[in-house]
Amino acid sequence: MIKNDLEKYQVKYQENAVLKEYTTLHIGGEADYIVFPNSISQIQICVTLFKKYQIPYTVLGKGSNVLVLDEGYRGGIILLDDNFSDIEMMDKTHVKVQAGMTLKGLCQFCLTQQLTGLEFACGIPGSVGGAVYMNAGAYGGEMKDVVESVIFLDEHNTIKCLSGEQLCFHYRQSYFSQNQSIILEVIYRLEIGNFQHIEKKMTELMNLRYQKQPMENYSAGSTFKRPKGHYASALIKYCQLQGFSIGDAEVSKKHAGFLINKANATSKDFLTLMHYVQKEVYEQTGYLLESEVQILNHQEKTL
Ligand SMILES: Cc1cc2nc3c(=O)[nH]c(=O)nc-3n(C[C@H](O)[C@H](O)[C@H](O)COP(=O)(O)OP(=O)(O)OC[C@H]3O[C@@H](n4cnc5c(N)ncnc54)[C@H](O)[C@@H]3O)c2cc1C
């Protein structure tokens, strides 16, 4: 039994874990297991055990860019969160951080060290691992601008390192979107800045976010990627879909690019709304909106 092995290696875990508690959309059924490893060797043990017991598995950070299906996930989730979030200065401008650290925590650390370059990310509610996986970005900045290198586990459970240039960062895409790896640690390359300037920029960007985005609702951020030459939110607005809802899933009245869960939306509501929006936008404008939200599906996302 995997439970006995997890206990033997002192890996914290939960059985039949309700995944909506682990995502910002607050949708989704149970996973058979969630494990909470607190070191690289514990992560490797989890991978070894999931392989040994032929249990499909995947990794999650803060769950701020995923839709979990109502039927849940038949397998194991490796959760890299506060349990795996050490941070340290390597030299005056390089910060090394474990994948479970929040971007908010990382940005606060940079502020105290008077390091500039990551202000754009302070309001993105993800983990460092999720942000690198997605090449998260906002207000003109992206992970690709500041990632020096990434240490990860490859599909054979071996520790590897690639430089930022080798990680094929593109719009909301990275090497990791195509490869079955677990991001462990990220080294950021920043610049020495001024405490007041960094703090002012972060406050401005946070205020802007709260003004424009439905931060008070459950969501996974922008539901769709920006199509070439346009904005998803402008297209959705043009099609008069703002406020349109299916069950408790709604196109946000505050920001058309965000599909939200008003309270008890199911994944079926959310997916039906997504498909409806895609169809209407395509028929009325010719633009095909591609999902930015990752759908947690053990057939597609098994590492
Ligand atoms: C209100 C709101 C605002 C947002 N604003 C922005 C924004 O401005 N810009 C932006 O880019 N995004 C934004 N997002 C989306 C989201 O926060 C980012 O994509 C974030 O980087 C996801 O990080 P996460 O830890 O939550 O990843 P998760 O949602 O947990 O996972 C996302 C994907 O990354 C993979 N993953 C996670 N951790 C690892 C790891 N350690 N190793 C390998 N794979 C991993 C998962 O398997 C999954 O496929 C927003 C979301 C919300 C809710």
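Please indicate, with yes or no, whether at least one residue in the stretch 169-190 is over 19 Å from residue 99 (Cα atoms), within 11 Å of the ligand (Cβ to nearest atom) and aromatic (Phe, Trp, Tyr).
Taking every residue of the stretch 169-190 in turn, at least one turns out to be over 19 Å from residue 99 (Cα atoms), within 11 Å of the ligand (Cβ to nearest atom) and aromatic (Phe, Trp, Tyr).
Only one residue in 63, 123, 105 is outside any strand (DSSP E or B), within 24 Å of residue 42 (Cα to Cα) and open to solvent by less than 20 Å² (accessible area, probe 1.4 Å), so which one is that?
Of 63, 123, 105, the one residue that is outside any strand (DSSP E or B), within 24 Å of residue 42 (Cα to Cα) and open to solvent by less than 20 Å² (accessible area, probe 1.4 Å) is 63.
Which of the residues spanning the stretch 42-86 are hydrophobic (A, V, I, L, M, F, W, C) and closer than 30 Å to residue 269 by Cβ?
Matches in the stretch 42-86: 55, 59, 60, 66, 67, 68, 69, 77, 78, 79, 80.
Starting from the stretch 143-166, keep only residues that are within 18 Å of residue 131 (Cβ to Cβ), then list their pairs with residues that are polar (S, T, N, Q) and exposed (fewer than 15 other Cβ atoms within 10 Å of the Cβ) whose Cβ atoms are within a distance under 8 Å, requiring at least 6 positions of separation or different chains.
148/163; 149/163
Could you list, in sequence order, the residues of the stretch 88-102 that are crowded, with 19+ Cβ neighbours inside 10 Å and over 21 Å from residue 292 (Cβ atoms)?
Within the stretch 88-102, 95, 97, 98, 100, 101 meet the criteria.
May I ask you to list pairs of residues, at least six apart or on different chains, whose Cβ atoms are under 7 Å apart, with the first in the stretch 114-130 being at pLDDT 95 or above and the second being more than 13 Å from the ligand (Cβ to nearest atom) and of a type in the set (S, T, N, Q)?
114/194; 115/93
Which ones in the stretch 7-19 are part of a helix (DSSP H, G or I) and surrounded by fewer than 21 Cβ atoms within 10 Å (Cβ to Cβ)?
Scanning the stretch 7-19 gives 7, 8.
Please go through the stretch 108-119 and pick out each residue that is part of a helix (DSSP H, G or I) and open to solvent by 20 Å² or more (accessible area, probe 1.4 Å).
108, 109, 112
Among the numbered criteria (1) in contact with a Phe, Trp or Tyr (Cβ under 6 Å, 6 or more places away or on another chain); (2) within 9 Å of the ligand (Cβ to nearest atom); (3) in the same structural domain as residue 102 (by TED's automatic domain parsing), which single criterion is violated by residue 141?
That leaves (2) as the condition not met.
Any idea which of (1) assigned to a helix (DSSP H, G or I); (2) farther than 17 Å from residue 67 by Cα; (3) open to solvent by less than 50 Å² (accessible area, probe 1.4 Å) is the one residue 284 doesn't satisfy?
(3)
Among the residues that make up the stretch 241-250, is at least one of them surrounded by fewer than 19 Cβ atoms within 10 Å (Cβ to Cβ), of a type in the set (Asp, Glu) and within 16 Å of the ligand (Cβ to nearest atom)?
no
Can we say residue 83 is more than 17 Å from residue 186 (Cα to Cα) and touching a residue at least 40 places away in the same chain (Cβ under 8 Å)?
Taking the combined requirement at face value, the residue does not satisfy it.
Is there a residue in the stretch 32-42 that is within 28 Å of residue 123 (Cβ to Cβ), free of Cβ contacts under 8 Å to residues at least 60 places away in the same chain and open to solvent by 10 Å² or more (accessible area, probe 1.4 Å)?
Among the residues of the stretch 32-42, at least one is within 28 Å of residue 123 (Cβ to Cβ), free of Cβ contacts under 8 Å to residues at least 60 places away in the same chain and open to solvent by 10 Å² or more (accessible area, probe 1.4 Å), which makes the answer yes.
Looking only at the stretch 20-60, count how many residues are in contact with a strand residue (DSSP E or B) (Cβ under 7 Å, 6 or more places away or on another chain), assigned to a helix (DSSP H, G or I) and more than 16 Å from the ligand (Cβ to nearest atom).
Number of matching residues: 0.
The values are calculated or read from the model by the stated rules, or taken from the named source; none is laboratory data. This structure is a prediction, so every number in the text was calculated from the model and none was measured. Counting neighbours? That spans all protein chains shown, and the Cβs are built from the backbone with ideal geometry, glycine included. The accessibility values were calculated without ligands, DNA or RNA, using every heavy atom of the protein model including side chains. Shrake-Rupley method; radii C 1.70, N 1.55, O 1.52, S 1.80 Å.
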